[in-house]
1. Go ahead and run the numbers for FRET between Asn278 and Ser116, Cβ-Cβ distance against an R0 of 51 Å, rounding to 0.05.
2. Taking R0 as 56 Å, what's the FRET efficiency between Leu267 and Val212 from their Cβ-Cβ distance, rounded to 0.05?
3. Can you pick out the pairs among Lys249/Lys323; Lys45/Lys139; Lys50/Lys114; Lys206/Lys240; Lys277/Lys327 whose Cα atoms lie more than 19 Å from each other?
4. Dipole size in debye (nearest 20) for the stretch 224-330 around its Cα centre, Lys and Arg Cβ +1, Asp and Glu Cβ -1?
5. Below 11 angstrom from the Cβ of Pro256, what's the summed charge of the other residues (Lys, Arg +1; Asp, Glu -1)?
6. Expected output is a single nm value to one decimal: the length gained when fully extending between Ile88 and Ile22, i.e. 0.36 nm times separation in residues minus the C-alpha distance. What is it?
7. For the stretch 38-68 and the stretch 294-330, compute the distance between their C-alpha centroids and round to whole Å.
8. Considering only Asn330, Pro286, His344, whose Cα is most displaced toward the positive end of the charge dipole of the stretch 224-352, charges sitting on Cβ of Lys, Arg (+1) and Asp, Glu (-1)?
Amino acid sequence: MTELFKRFEIFLAPHWIAIISIVIFIGLSFLIQFLFDKVLRQFAKRTETKFDDHIIDALHLPVLFTLILAGIIIVLADLHLKNEFFVITNKIIYSVISLIWCFALIRITTIIVKNSISKISSETGLSKDVIPFLSNFLKFAIFVGAVTVIFIIWKVDVTPLIASAGVVSVIIALAAKDTLANFFGGVSVFIDKPYRIGDYIELDQKERGEVVEIGIRSTRIKTRDDILISIPNSIIANSKIINESAPVKHFRVRVPIGVAYGSDIDLVENVLIEIAKNNENIIPDPEPRARFRQFGESSLDFELLCWAKEPALRGLTIHQICKEIYKKFNELGIVIPYPQRDLHIKGNLEQK
């Protein structure tokens with residue numbers, strides 16, 4: 001501030017410059033208060049989201065306190081105090097400013113993470129238990145950064161600490177390699193979005209069920225036997241995933257059926273389509289269809305193709321359709337053949 005006065009050829013005693021500086025910074029503090037309360041908050045109220053309101057709340061006090069502490073530093077400089085007390089006071093103030101912004105950044109990142117993960121969860125089904133994990137990770141990183149800055153302010157050599165931290169990081173990475181593999185597997189699941197909460201998936205033609213939770217470490221699916229299976233994301237990331245619910249929820253049901261040679265194939269086709277249309281689990285669009293696939297060894301092979309409302313209904317729908325096919329075919333005299341073998345014995349058996 002003294003240099004500023006000298007540029008305008010104003011020469012005052014140091015204590016007067018300090019008093020003027022205090023008045024200026026008090027005025028600036030009122031201006032900051034007005035800017036946040038009357039301008040930014042009013043602007044934020046016009047938006048639909050509360051995200052900007054939370055950000056303004058998180059920035060208000062840190063900006064105000066930083067301005068006040070900066071004013072104290074400038075006032076002390078105007079008094080031309082160059083003793084040890086001045087040096088220590090400056091370091092304390094800079095350290096306090098570092099801590100203020102450390103906690104402010106922690107609060108801001110927490111707000112951003114919660115807002116972002118909430119949106120991502122609604123779009124991808126990613127579990128919200130990622131929020132505390134990611135928040136804690138960012139809090140730790142910001143805190144470490146603030147401590148490093150404070151060490152630099154106090155001229156503490158951080159090289160040994162950084163070297164030690166590097167060694168510790170390598171040890172932790174080796175000890176937690178499976179956890180890290182699951183974490184990066186979760187990241188790949190999040191980026192690729194192969195499934196969402198509520199989807200029916202099948203992994204390498206083994207586990208099949210409904211996705212009930214997507215975590216940062218594992219994905220949980222519930223099978224049709226009401227068994228909850230927790231699968232590490234590292235395994236899922238390297239598996240072939242069949243999503244029966246994508247791109248639409250409808251699930252195609254295939255029911256193979258064979259009829260005897262000599263059957264009325266037009267009647268068989270019409271009966272199969274009618275049975276599918278009358279089933280409450282089958283959607284009308286796309287329409288059910290029956291296809292004559294091949295001439296089998298013992299039968300004319302048909303296949304009924306229809307679409308169930310959702311994958312969870314596959315087993316029940318096939319059960320109902322098969323029952324109805326059997327009843328209707330018996331009623332109409334349509335024969336469902338089965339393999340038969342005729343045994344012919346030539347000559348007389350020799351008696352021993």
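1. Details: r = 48 Å, r/R0 = 0.94.
Efficiency for this residue pair is about 0.60.
2. Rounded to the nearest 0.05, the efficiency is 0.80.
3. Numbers: Lys249/Lys323 25 Å; Lys45/Lys139 29 Å; Lys50/Lys114 12 Å; Lys206/Lys240 10 Å; Lys277/Lys327 16 Å.
Violating the 19 Å limit, Cα to Cα: Lys249/Lys323; Lys45/Lys139.
4. Numbers: 14 positive and 15 negative charges, 53 e Å.
The dipole magnitude comes to about 260 debye.
5. Neighbourhood net charge equals +1.
6. 21.7 nm
7. What the calculation gives is 63 Å, centre to centre.
8. Farthest towards the positive end: His344.
Any read-out appearing in this document is the output of simple, stated calculations on the displayed coordinates, not a laboratory observation. Predicted, not measured: the structure shown is a model, and the values here were computed from it. With ideal geometry, Cβ positions are generated from the backbone for all residues, glycine too; neighbour counts draw on all protein chains shown.
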